[in-house]
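Below is one structure, written out as structure tokens; the observations come after it.
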Amino acid sequence: MNQQPERTRDRAIWIVRLATFGGVVSALGLTWLFSDLAEAYFSGKPAAPTAAVPPKLPAEATPVQKAPTVVQTVVHHPYQGGSTAPAPAGAAPRPPAQGPAAAPPPPPPPVCHSTPSKPC
């Protein structure tokens, strides 16, 4: 009766060991794969020249900018007697209704914290 729990425990230990070993082997394999890919594609060597050369395109004319056409319509209204000139754009500034306020009182002096080495 004591044999069954020990076999189960031993089997669980082996499963954990195999999973750990598999994880380590997988990490090493991925490291090897990515290092090979990095060496192949990011080695600092110049890229191999390609056989296809881009086609020569004719140079196009430089675009010229010109001012847009402005359409301005002038509307003349007949004279209407009694109309006056418009009021000036702004009124002159006026002095304030009250004088300046009194300045706030100065802050109180700091509180003295006396210590044996520094009496107030």
Under a plain spin-label model, where a point goes 7 Å from the Cα along Cα-to-Cβ, how far apart in nm are Ala61 and Glu39? 5.9
Obtain the nm distance between the two label points defined at Cys120 and Ala101 by a simple spin-label model: each point lies 7 Å from its Cα along the Cα-to-C-beta direction. 3.2
On a 0 to 90° scale, report how tilted helix 3-41 is relative to the longest principal axis of the chain, with both axes built from alpha carbons and the result rounded to the nearest 10. 60
Could you point to the residue in Val74, Pro49, Pro63 farthest towards the positive end of segment 1-82's charge dipole, with +1 and -1 charges on the Cβ of Lys/Arg and Asp/Glu respectively? Pro49
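Is the shape of the chain best called rounded, prolate or oblate, per the rule: a/c under 1.5 gives rounded, else a/b larger than b/c gives prolate, else oblate, with a ≥ b ≥ c the square roots of the Cα gyration tensor eigenvalues?
Working: a/c = 3.42, a/b = 1.43, b/c = 2.40.
Cα axes put the chain in the oblate bin.
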For the chain, the accessible surface attributable to carbon and sulfur atoms (probe 1.4 angstrom, ligands and nucleic acids excluded) amounts in percent to 66
How much accessible area per residue does the chain have, counting only protein heavy atoms and a probe of 1.4 Å, in square angstrom? 108
Calculated [θ] (222 nm, deg cm²/dmol) that DSSP helices of n ≥ 4 give over the chain, each run adding -39,500 (n - 2.57): -12000 deg cm²/dmol
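The values are calculated or read from the model by the stated rules, or taken from the named source; none is laboratory data. The structure presented is a predicted model; accordingly, all values stated were derived computationally and were not measured. Note: ideal-geometry Cβ built from the backbone for every residue, glycine included; neighbour counts use all protein chains shown. Protein only, heavy atoms only, side chains kept; ligands, DNA and RNA dropped before computing areas. Shrake-Rupley method; radii C 1.70, N 1.55, O 1.52, S 1.80 Å.
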